[in-house]
Amino acid sequence: MVAMVHIVSLAVHLLALPVAYSDRMDLNQLLMLGGLGSVGAAAQPMEADPATAMAAVTATAAQHQEQALERLLHTATADASLLLPPGHDSFVANSFGSLVSMATALAQDTMPPERVELHLIGLSNALETFPRTSSFPGLRRVVVASLALRRLRHGPFADEHLKRCTSLLLQLFDQHRDAATRKRAIEFAHISKAGGTSICSLAERNGCTTESFAPNRNCQLPVFRDQPRYINATQHAALRGRAKTHCQRPTKPMSPRSEASCEKRRQYLLSKGYTIYANEYTAFGGSADPGLAHPCSNMMTVLQIRHPHDRVISHINHVFTMYERHCHEDRGLYFAKGHDTADWALLIPAPVNNYMIRSLLGEAVFNLPADNQSITEEHLELACNFLAQQYDVLLVLEESDMSARTMRAGLGWQSYELHVNGKAPEPEDGLPTNLELLWELNRLDLQLYEYGVAMARLDAVVFSVAEALLPDMPRAQAAQPPPPALATAAAAPTVASNVIVAAAGQQAAALALPPGGGTPADMAWAAMPCDRTGGCSTVKMAPCHIVRGH
C-alpha cells in the first residue's frame with residue numbers, strides 16, 4: 001500500500017510540473033539511446049581516415065541497436081512468457097502478457113498519434129495494479145524499447161506525452177527499487193575476464209559484505225563451488241605426454257558442479273550476514289536442458305558484459321601467464337606444437353568459443369566442444385531471452401558513464417570507478433596469429449554483446465529519469481574503504497524481535513525479520529523517509545546499499 005501511494009504521489013507531482021522540467025532531463029534525447037561509439041568497435045582495425053572510420057562504426061552500431069530492440073519486441077509479441085521470470089502463477093502471467101501487449105502496441109505504425117496519450121495512461125494504470133513480486137526486468141526493457149522505437153520512427157514525443165512517459169518510467173524504477181529491498185542480497189554473475197574483479201572490489205567499497213574480497217576469491221563462496229573452470233584436463237595431460245612437470249594437474253580444470261538451490265544460497269547468505277556473492281562458472285539448472293538455466297532471481301541479479309574480442313584476448317593472456325606461474329620452465333611442453341586458435345580451442349574450449357552464451361545457459365552448453373557448430377543460433381536466441389528476462393542490473397565494461405549511472409540508481413552504490421583492478425597487463429606472447437579464426441569462434445557472442453548493450457541502454461533511460469527527477473538519489477562520491485564495523489557483519493549481535501516497526505517522516509513501515517531475529521542491518525530496512533510529495537520510498541539496505549531511496 002505504501003508503494004502504491006508512492007507511485008500515485010509521484011505521478012501527480014510529475015504531471016503538475018511545468019514544461020520547463022525538461023531543462024533537467026531531455027527524455028526525447030534519452031530515448032534515442034545515444035552514445036553509440038563503443039558498440040562493436042573493440043578489436044577492429046582503424047581505417048586511414050579516423051573520421052570516416054568512426055562514422056562507419058557509429059552507423060553500424062545504430063543499426064545493431066535498432067535490430068536489438070526489434071528482436072526484443074518480436075520475442076515479446078510472439079510469446080511474452082519468454083520474458084517472464086519463472087515461478088509465477090497464472091494471474092501474474094496473464095497480467096504480464098497484457099502489459100507486454102499494451103507496451104509493444106506503442107511501437108507499431110498502426111497506432112495514430114491521437115491515441116498515444118490515452119494508451120500511455122492505460123499502460124500506466126495497468127502497471128500500477130501489477131503485482132510487485134519481482135522487478136520484472138524483461139517488462140521494463142520492453143516498455144522502454146517500445147517508447148524508443150516510437151521516438152525513432154515517429155519523431156519526438158509531444159510535451160504532454162513526455163510527462164506520461166516520464167511517469168511510466170518512474171513506475172518502472174519504483175518496481176525495481178521495491179524488488180531490490182525485498183531481495184536483500186546480490187548475486188553477481190561473473191563472466192571471467194569481463195571486469196568482475198572490479199565489481200567485487202566496488203562492492204566492498206560500497207559496504208557490501210561477503211566471506212572474502214581477496215582478489216583471488218572475487219566474492220565467491222567456496223561452499224557453492226562456483227569457481228571458474230577453464231582447462232580441459234584431458235588435453236592438458238596429452239600435451240605433456242609422459243613427462244613429469246611442475247603442473248601435473250591443471251589449474252582451474254573443467255569439472256561438474258553439485259548445485260545448491262537458490263533458496264539454500266539465499267538462506268546461507270542471510271544467515272552469515274552477507275549481502276553479495278559471485279558465481280564465476282555458469283548458470284544453474286542447465287545441466288540437462290539449457291532452457292531451464294537461470295540465475296537466482298530471489299536475489300538481485302547483476303551481470304557485467306565485455307566486448308567478446310577483448311574478453312577472449314584477455315582470457316588467453318591470463319591462461320598463458322597462469323601456465324608460466326604454475327609450470328615455470330615446463331610451460332613450453334604444453335605449447336610445443338604452438339598456440340594458434342586451434343590449439344587454444346582444444347585446451348580451453350569454453351573460454352575461446354562464445355563464452356558469454358555458455359555462461360548464461362548452464363553446464364550442458366558450457367561443456368560443448370569449441371568449434372563453429374556446437375553453439376548455435378538457437379543457443380543465441382535463448383541467451384538473448386535470458387539476458388533480457390533474468391538479470392536485474394546490466395553493466396557494460398566499455399560504457400563507463402552509463403555503468404556508473406546504473407550502479408548509482410540501479411544498485412545505490414556511491415563509489416563506482418570501474419577499473420580498479422591494479423594488476424599489471426599480462427604479456428601477449430601466447431596470442432594466436434590467426435585472430436580471424438578466433439573472432440569467428442565468438443561471432444554469436446558478439447551478437448549477444450550488442451543485444452546486451454542495447455538492453456543496458458534501455459535500463460539507463462529509466463535510471464537517468466530517476467536520477468534527474470527524484471531527490472536524494474546517490475551522487476558521485478570519492479571511493480572509500482568499508483567502515484571497519486561492517487567488515488564483520490556475520491558476527492553482529494542479533495535483535496530478538498522478529499518484527500521491527502520504525503516511524504519515518506509521515507509514514508511507518510513494518511518489516512518481518514528472519515525467524516530468530518536479525519542483525520542491526522535488518523533494522524535499517526525499516527527506515528523509510530518520505531519525500532516532499534508525501535510518498536515514502538524504500539531505501540538503502542545496510543550494510544550494502546542495493547537501491548537508495550529519495
Q. Considering the stretch 196-236 alone, what residues qualify as being within 21 Å of PRO295 (Cα to Cα), polar (S, T, N, Q) and buried (at least 21 other Cβ atoms within 10 Å of the Cβ)?
A. THR197, THR209, THR210, ASN218, GLN220
Q) Residue check, ALA243 against (1) among the small types (Gly, Ala, Ser); (2) open to solvent by less than 10 Å² (accessible area, probe 1.4 Å); (3) farther than 26 Å from ALA283 by Cα, all met but one. Which one? A) (2)
(Q) Contact list please: Cβ distance under 6 Å, first residue in the stretch 232-245 and assigned by the TED database to the domain that holds ASP343 and hydroxyl-bearing (Ser, Thr, Tyr), second residue open to solvent by less than 40 Å² (accessible area, probe 1.4 Å) and part of a helix (DSSP H, G or I), pairs at least six apart or on different chains. (A) THR245/CYS327; THR245/ASP330
**Q.** Residue pairs meeting the criteria (Cβ under 9 Å; at least 6 apart or on separate chains; first without any contact (Cβ under 8 Å) to a residue 40 or more places away in the chain, in the stretch 155-183; second β-branched (Val, Ile, Thr) and crowded, with 23+ Cβ neighbours inside 10 Å)
**A.** ARG182/THR538
Q: Using the structure shown, decide if VAL465 is modelled with pLDDT of 95 or more and not in a loop (DSSP other than H, G, I, E, B).
A: no
Q. Is at least one residue of the stretch 145-159 over 16 Å from LEU30 (Cβ atoms) and open to solvent by less than 10 Å² (accessible area, probe 1.4 Å)?
A. no
Q) Taking the stretch 118-169 on its own, how many of its residues are hydrophobic (A, V, I, L, M, F, W, C) and either at positive phi or outside the structural domain of ALA62 (by the TED database) (or both)? A) 1
Q | Residue list for the stretch 295-336, restricted to those being farther than 24 Å from ASN353 by Cβ and open to solvent by less than 50 Å² (accessible area, probe 1.4 Å) | A | CYS296, ASN298, MET299, MET300, THR301, VAL302, ASP330, GLY332
(Q) If the requirement is being buried (at least 24 other Cβ atoms within 10 Å of the Cβ) and of a type in the set (Gly, Ala, Ser), which of these qualifies: ALA364, ALA342, ALA383? (A) ALA383
Q.
Residues that are aromatic (Phe, Trp, Tyr), at least 2 per element: which helices (runs of 4 or more DSSP H) completely within the stretch 82-167 meet that?
A. 90-105
Q | Unique match (being among the charged types (D, E, K, R), within 25 Å of GLY241 (Cβ to Cβ) and outside the structural domain of GLY87 (by the TED database)) among ASP310, ASP340 | A | ASP340
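The values are calculated or read from the model by the stated rules, or taken from the named source; none is laboratory data. Keep in mind the model is a prediction, meaning the values are calculated, not measured. Every residue, glycine as well, gets a Cβ built from its backbone with ideal geometry; the counts of neighbours run over all protein chains shown. The protein model used for the area step is the full one, side chains on, heavy atoms only, and it has no ligands, DNA or RNA in it. Shrake-Rupley method; radii C 1.70, N 1.55, O 1.52, S 1.80 Å.
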